[in-house]
Amino acid sequence: MSTKVQETADDAAISKNSAANAGYYRDPFIQFFIQKTNRRSPLINRGYFARALAVDVLIRRFITICRQSGDGRSQVVVLGAGMDSLFWRLYCDAALVVGGSEASGEGMPSLWVEVDFPDVTSRKATVMKSVPTMSRCVAGLPVKAVELEALEKGGKTSSSPYATGAVSASSPSTSGESSIPPERLTFTPTPEGGCSVSGASGYRLVTGDLRDLEALKTSLSSAGVDPSIPTLFLSECVLVYLEPEDSCAVIAWSAATFKRAAFVSYEQVRPNGIFRLNLFESCTLPRLNNTLFCFVPLTLLLPRFDPMMLSGK
């Protein structure tokens, strides 16, 4: 099942690229995470635009609240991050807005951690290494608006590993990291065939399986995640692919471990809805696990997050 679930990362990236190409929102980076383009239907494009906008708004609100209270620190942990480009879009926000000239990660959380299977982290690290602008973002260096415009106008070039088919941990391009000091950006192969990434921007990429909480705890600890700091957990169409007991365990653990936590979950909730049926027609996705069908109607889904509502959460 894990292989099929990993394939959803590619399908989601293709759909997000389709929405960006259709002009719903700007994302110069998602193109580097896909092996092929596929123009989705207007319904799918709108659905992915709504998904991107909702997640953007909630994360920005969380970071703003944290900056206005306490010591200003915050953490974002992306569960099953896949080939998502959210970190780079947020980092470059100041340069992506109309009239913007340069971005250097203003408004980002203190720590941004992405977790996924080893194969996914290996591929994602390869893309980072191969695209200089992405490497500089992770290293916490400034990025100019003209660079982002060039990426958008030029499309995929030979700098993208997907353009050449060279996506592997053993033979990555190093064009993106060659001029960056190692203290600002490091790539470390993992024993299970993945790759961990650590950047001066606060970005971390680690391997982990959400079905193995002990291993997940170890990965997050190694990334520097601090349970005492306000933390937002983000799950975009991830929990629904876990068995109910596994997904509920992740939610309960995050609530019990982190003193101040928020959980943003964007998941399928209506198994027979029009959007979900159209999505399955346009993508090669695995059939959803019992999680989706165990929490219908929606009133059965919300109580899973009751631990997050306890005092102090």
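The values are calculated or read from the model by the stated rules, or taken from the named source; none is laboratory data. Computed from a prediction, not measured in an experiment: that's the story for all the values here. So basically every Cβ, Gly included, is an ideal-geometry build from the backbone, and we count neighbours across all protein chains shown.
For region 189-221, how many residues are among the aliphatic types (A, V, I, L, M), assigned to a loop (DSSP other than H, G, I, E, B) and surrounded by fewer than 20 Cβ atoms within 10 Å (Cβ to Cβ)?
1
Name every residue in region 9-29 that is among the aliphatic types (A, V, I, L, M) and either within 22 Å of VAL240 (Cβ to Cβ) or without any contact (Cβ under 8 Å) to a residue 12 or more places away in the chain (or both), in order of residue number. Before you say what the answer is, go through the steps one by one.
Just the residues of region 9-29 that are among the aliphatic types (A, V, I, L, M), to begin with: 9, 12-14, 19-20, 22.
Matches in region 9-29: ALA9, ALA12, ALA13, ILE14, ALA19, ALA20.
Search region 87-104 for residues that are closer than 18 Å to MET128 by Cβ and pair each with any residue that is assigned to a loop (DSSP other than H, G, I, E, B) and modelled with pLDDT under 90 when their beta-carbon atoms are under 6 Å apart and the residues are at least 6 apart or on different chains.
Cβ pairs passing all conditions: TYR91/GLY105.
Considering region 11-26 alone, what residues qualify as being of a type in the set (D, E, K, R) and either in contact with a Phe, Trp or Tyr (Cβ under 8 Å, 6 or more places away or on another chain) or at pLDDT 95 or above (or both)? First the steps, then the outcome.
Let us first name the residues in region 11-26 that are of a type in the set (D, E, K, R), namely 11, 16, 26.
Correct list: LYS16 only.
Taking only region 21-49 into account, find how many residues are part of a helix (DSSP H, G or I) and under 16 Å from the mean Cα position of the chain (by Cα). Full working, then the answer.
To start, the set of residues in region 21-49 that are part of a helix (DSSP H, G or I) comprises 21, 30-33, 42-49.
Still in the running and under 16 Å from the mean Cα position of the chain (by Cα): 30-33, 48-49.
Qualifying residue count for the region: 6.
With the requirement that a residue be out of contact with any strand residue (DSSP E or B) (no Cβ under 6 Å at 6 or more places or on another chain) and either surrounded by fewer than 20 Cβ atoms within 10 Å (Cβ to Cβ) or farther than 13 Å from GLY80 by Cβ (or both), what does region 241-254 give you?
Residues of region 241-254 out of contact with any strand residue (DSSP E or B) (no Cβ under 6 Å at 6 or more places or on another chain): 241-253.
Within region 241-254, GLU243, PRO244, GLU245, ASP246, CYS248, ALA249, ILE251, ALA252, TRP253 qualify.
Would you mind finding the one in ASP71, ASP84, ASP56 that is under 14 Å from the mean Cα position of the chain (by Cα), in a loop (DSSP other than H, G, I, E, B) and of a type outside the set (A, V, I, L, M, F, W, C)?
Details: ASP71 fails: under 14 Å from the mean Cα position of the chain (by Cα); ASP56 fails: in a loop (DSSP other than H, G, I, E, B).
When all the criteria are applied, what remains is ASP84.
Please specify each residue of region 7-44 satisfying the condition of being polar (S, T, N, Q), over 13 Å from CYS237 (Cβ atoms) and in contact with a Gly (Cβ under 9 Å, 6 or more places away or on another chain). Break it down stepwise before answering.
Filtering region 7-44 for residues polar (S, T, N, Q) gives 8, 15, 17-18, 21, 31, 35, 37-38, 41.
Narrowing further to those that are over 13 Å from CYS237 (Cβ atoms): 17-18, 21, 31, 35, 37-38, 41.
Result: GLN31, GLN35.
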